[in-house]
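Q: Here you go, one structure.
The values are calculated or read from the model by the stated rules, or taken from the named source; none is laboratory data. Here the structure is a predicted model, which is why all the values come from computation and not from measurement. Note that each Cβ is placed from the backbone with ideal geometry, even for glycine, and that neighbours are counted across all protein chains shown. Quick note on the areas: whole protein, heavy atoms, side chains included, nothing else; ligands and nucleic acids left out. Shrake-Rupley method; radii C 1.70, N 1.55, O 1.52, S 1.80 Å.
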Amino acid sequence: MDGVAAMKWFLPVLSVVAAIVVFWYLACVPMNVKFAMMTAERQGVVVSPEGVQARRDMSAILLAVRNPVVWADTWTQDKPRLPAPHQVVAELWKTTAEVKPTSKRSLVFHAWVTLSATLAGFVIGAGAGIILAVGIVHSRAMDMSVMPWAIASQTIPILAIAPMIIVVLNSFGVQGLLPKAIISAYLSFFPVVVGMVKGLRSPGPMDLDQMRTWSATRAQTFWKLRLPASAPYLFASLKIGVASSLVGTIVAELPAGGGQGLGFRLLSGSYYGQTVQIWAALFATAILAAGLVAIISGIERGTLKRMGLA
Amino acid sequence: MITASGLDLTFETNDGPVQALRDVNLEIEKGDFVSFIGPSGCGKTTFLRTIAALETPTGGEITVNGMHPEEARKARAYGYVFQAAGLYPWRTIAGNIRLPLEIMGFSKAEQTRRVAEVLELVDLETFGRKFPWQLSGGMQQRASIARSLSFDADILLMDEPFGALDEIVRDHLNEELLKLWARTGKTIGFVTHSIPEAVYLSTKIVVMSPRPGRITDVIESPLPRERPLDIRDSPEFLEIAHRVREGLRAGHAYD
Ligand SMILES: Nc1ncnc2c1ncn2[C@@H]1O[C@H](COP(=O)(O)OP(=O)(O)O)[C@@H](O)[C@H]1O
Ligand SMILES: [Mg+2]
């Protein structure tokens, strides 16, 4: 890609990011304004109106507009309701670059814990999804018996009951990576089943008749027609699946009590009102998700290109 | 050689039975070029598919090279060219032509030899490494013909293979097909909508009509096997074309 073409998308992307950051800083002002005014008042700064009681029922936006003097403070509090971008960045920096990656205070450590459970869950979930899809496409009995269960399984609000499952598994001595991986696998297998079934069924009647005229076996039809035809569908569903896997792991980490993982960081942050820590963990999660999806996209591009499909 | 006698085929549909073929009697000799012509729904495709054992007749008899169609398929008696080229986008042209050879278990060396041979036969020698999307529609259909020739079936069944192509490309491919037929001595069953195409190509023209699908006329062409394109202006050609048209009209008079 040449420089001019790069500029073409770089500028719009940059403007969108800038707009988001500006909006974020603006949002911090009303969100944190009440606490900022209280602090300012204590230090003898004149704010309007005076007294916590007088301000209690007033709109935060109105307060923010009437007190530009406290704006700067809304971006630097220790425990803001909404931390400012630079605070989150600073926290991210502090907990990644400035501590050893093996330390419990390192986000890298927690991210690795989450990542390993996610990958384990994803491999199990995607593998099971692919195998189920192959079975569903080849056996009418399996199509009739497994598919309804697969769909029913998704109506269980797993995100809501995951903590319960973790606690129950814990009481049976199942701890560490495994229970998290189970939740993670549970969430990722469904998109893979659905995508893979659709992909394996994508060859039309003509393609299948063509195979019949050559007396191809079912195995040959699978390896030479159905499987390659399913590749684009598979990759699309793997991307959804890996993101679901990560969500599953995070949720499973909330009650884990193991004191490890990004989910744990989210929860412990909220226990102690450490909003900056929560946001840093959120960003770490987002970065992890983006990275995982990007890796699959990369493999997808490479594979489809080699297949002549992209 | 293909023999059909008293062939019936009725599809059971939600709107009741559809007689796609009724009492079809036909002899196709080795080396014949037989065209099936008739309006949509007269059973041309169904008949071709019955020869290929893709449909099972509900009555009557059909043999292909003296065998049941299923056995004939296992003996690689025929190659089938569908209306769409049906090339796999993830395989090169050579890879697509190799596909039936892989399925039938030819050795690697034999596969390569045959792919080269049939590519030459359809004038696509230099396109083996290209992907299907890099070829025009006419070239894709030629590749599809090459694929069906690669395993030495002596019968070639073609269902409107040039139906989606424009007139000029079609003329060219018709000429090529005749040359290919002369070179290989195959027996060809060819479905078409076009009267000139049927008359130009065939040694035998089977005129069909719908509801129920049946044969209304079988015309043995007096034209020589060697046919330049301008034979289409000769009186003999026009006479046969006229008879085909009459046959089609007679079929319609039924309803
Ligand atoms: N699989 C099928 N199921 C039900 N009806 C069919 C099926 N295939 C073809 N038919 C019907 O059989 C008749 C002949 O179809 P076809 O052989 O495709 O005609 P043609 O190729 O001459 O246009 C049509 O009425 C068509 O609707
Ligand atoms: Mg047809």
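Q: Quick test of your reading of the structure: B:Phe82 fulfils all but one of (1) within 13 Å of ligand 2 (Cβ to nearest atom); (2) crowded, with 18+ Cβ neighbours inside 10 Å; (3) more than 11 Å from chain A (Cβ to nearest Cβ). Name the failing condition by number.
A: Result: B:Phe82 passes all but (3).
Q: State whether the residues of region B:48-64 include one that is under 23 Å from B:Glu197 (Cβ atoms), surrounded by fewer than 19 Cβ atoms within 10 Å (Cβ to Cβ), within 14 Å of chain A (Cβ to nearest Cβ) and within 16 Å of ligand 2 (Cβ to nearest atom).
A: No.
Q: What do you reckon, is A:Ala236 more than 30 Å from B:Gly95 (Cβ to Cβ) and either outside any helix (DSSP H, G or I) or of a type outside the set (Phe, Trp, Tyr) (or both)? Full working, then the answer.
A: Working: more than 30 Å from B:Gly95 (Cβ to Cβ): no; either outside any helix (DSSP H, G or I) or of a type outside the set (Phe, Trp, Tyr) (or both): yes.
So A:Ala236 fails the test.
Q: While we're here: Within 14 Å of another protein chain (Cβ to nearest Cβ) and of a type outside the set (A, V, I, L, M, F, W, C): which single residue out of A:Ser171, A:Ser237, A:Ser215, A:Ser270 fits that description?
A: Working: A:Ser171 fails: within 14 Å of another protein chain (Cβ to nearest Cβ); A:Ser237 fails: within 14 Å of another protein chain (Cβ to nearest Cβ); A:Ser270 fails: within 14 Å of another protein chain (Cβ to nearest Cβ).
Going through A:Ser171, A:Ser237, A:Ser215, A:Ser270 in turn, the sole match is A:Ser215.
Q: Of the residues in region A:11-24, how many are over 24 Å from the mean Cα position of the chain (by Cα) and closer than 23 Å to A:Gly273 by Cα?
A: 0
Q: Just to be sure, is B:Ala109 facing chain A (nearest Cβ under 10 Å) and either open to solvent by 50 Å² or more (accessible area, probe 1.4 Å) or out of contact with any Leu (no Cβ under 6 Å at 6 or more places or on another chain) (or both)? Break it down into steps so the answer makes sense when it comes.
A: Values: facing chain A (nearest Cβ under 10 Å): no; either open to solvent by 50 Å² or more (accessible area, probe 1.4 Å) or out of contact with any Leu (no Cβ under 6 Å at 6 or more places or on another chain) (or both): yes.
In short, no.
Q: Is it fair to say B:Arg170 is within 16 Å of ligand 2 (Cβ to nearest atom), away from chain A (no Cβ under 13 Å), basic (Lys, Arg) and out of contact with any His (no Cβ under 6 Å at 6 or more places or on another chain)? Break it down into steps so the answer makes sense when it comes.
A: On the way: within 16 Å of ligand 2 (Cβ to nearest atom): no; away from chain A (no Cβ under 13 Å): yes; basic (Lys, Arg): yes; out of contact with any His (no Cβ under 6 Å at 6 or more places or on another chain): yes.
Against the criterion (within 16 Å of ligand 2 (Cβ to nearest atom), away from chain A (no Cβ under 13 Å), basic (Lys, Arg) and out of contact with any His (no Cβ under 6 Å at 6 or more places or on another chain)), B:Arg170 does not qualify.
Q: On to the next question. Going by the structure shown, is A:Ala252 closer than 26 Å to A:Ile165 by Cα, within 14 Å of the chain's Cα centre (by Cα) and in a helix (DSSP H, G or I)? Give the steps one after another, and end with the answer.
A: Details: closer than 26 Å to A:Ile165 by Cα: yes; within 14 Å of the chain's Cα centre (by Cα): yes; in a helix (DSSP H, G or I): yes.
Yes, satisfied.
Q: When you check B:Ala250 against the structure, is it open to solvent by 40 Å² or more (accessible area, probe 1.4 Å), at pLDDT 90 or above and of a type in the set (Gly, Ala, Ser), yes or no?
A: The answer is no for B:Ala250.
Q: Same structure again: Assess whether B:Ala198 counts as being within 16 Å of ligand 1 (Cβ to nearest atom) and in contact (Cβ under 8 Å) with a residue 60 or more places away in the chain.
A: The answer is yes for B:Ala198.
Q: Scan B:Glu27, B:Glu70 and give me the residue that is under 27 Å from B:Met104 (Cα atoms) and either more than 16 Å from ligand 2 (Cβ to nearest atom) or within 18 Å of the chain's Cα centre (by Cα) (or both).
A: Matching residue, one of B:Glu27, B:Glu70: B:Glu70.
Q: Ok, one more. Say we look at region B:30-47 and pick out the residues that are open to solvent by 50 Å² or more (accessible area, probe 1.4 Å) and of a type in the set (Ser, Thr, Tyr); which of these is nearest to ligand 2 (Cβ to nearest atom)?
A: Residues of region B:30-47 open to solvent by 50 Å² or more (accessible area, probe 1.4 Å): B:30, B:40-41, B:45.
If we keep only those that are of a type in the set (Ser, Thr, Tyr) as well, we get B:40, B:45.
Details: B:Ser40: 7, B:Thr45: 3 Å.
Top of the filtered list is B:Thr45.
Q: Another question, if that's okay. Take region B:117-164 and flag every residue that is small (Gly, Ala, Ser) and open to solvent by 30 Å² or more (accessible area, probe 1.4 Å).
A: Scanning region B:117-164 gives B:Ser136, B:Gly137, B:Gly163, B:Ala164.
Q: Among the residues in region B:118-138, are any of a type in the set (D, E, K, R), within 16 Å of ligand 1 (Cβ to nearest atom) and within 14 Å of chain A (Cβ to nearest Cβ)?
A: no
Q: Test A:Ile299 against the criterion of being open to solvent by 60 Å² or more (accessible area, probe 1.4 Å), farther than 30 Å from B:Ala94 by Cα, in a helix (DSSP H, G or I) and away from chain B (no Cβ under 14 Å), and give yes or no.
A: In short, no.
Q: Kindly indicate whether B:Asp15 is of a type in the set (Asp, Glu), more than 14 Å from chain A (Cβ to nearest Cβ) and touching a Pro at 6+ places or on another chain (Cβ under 9 Å).
A: No.
Q: Just give me the residues in region B:1-29 being open to solvent by 20 Å² or more (accessible area, probe 1.4 Å), in contact with a Leu (Cβ under 8 Å, 6 or more places away or on another chain) and more than 12 Å from ligand 1 (Cβ to nearest atom), in sequence order.
A: B:Thr3, B:Asp8, B:Asp23, B:Asn25
Q: Please enumerate the residues belonging to region A:207-233 that are outside any helix (DSSP H, G or I) and open to solvent by 40 Å² or more (accessible area, probe 1.4 Å).
A: Passing the criteria: A:Ser215, A:Thr217.
Q: Does region B:85-103 hold any residues that are at the interface with chain A (Cβ under 10 Å from one of its Cβ atoms), open to solvent by 30 Å² or more (accessible area, probe 1.4 Å) and not aromatic (Phe, Trp, Tyr), and which are they?
A: Scanning region B:85-103 gives B:Pro89, B:Arg91, B:Thr92, B:Glu102.
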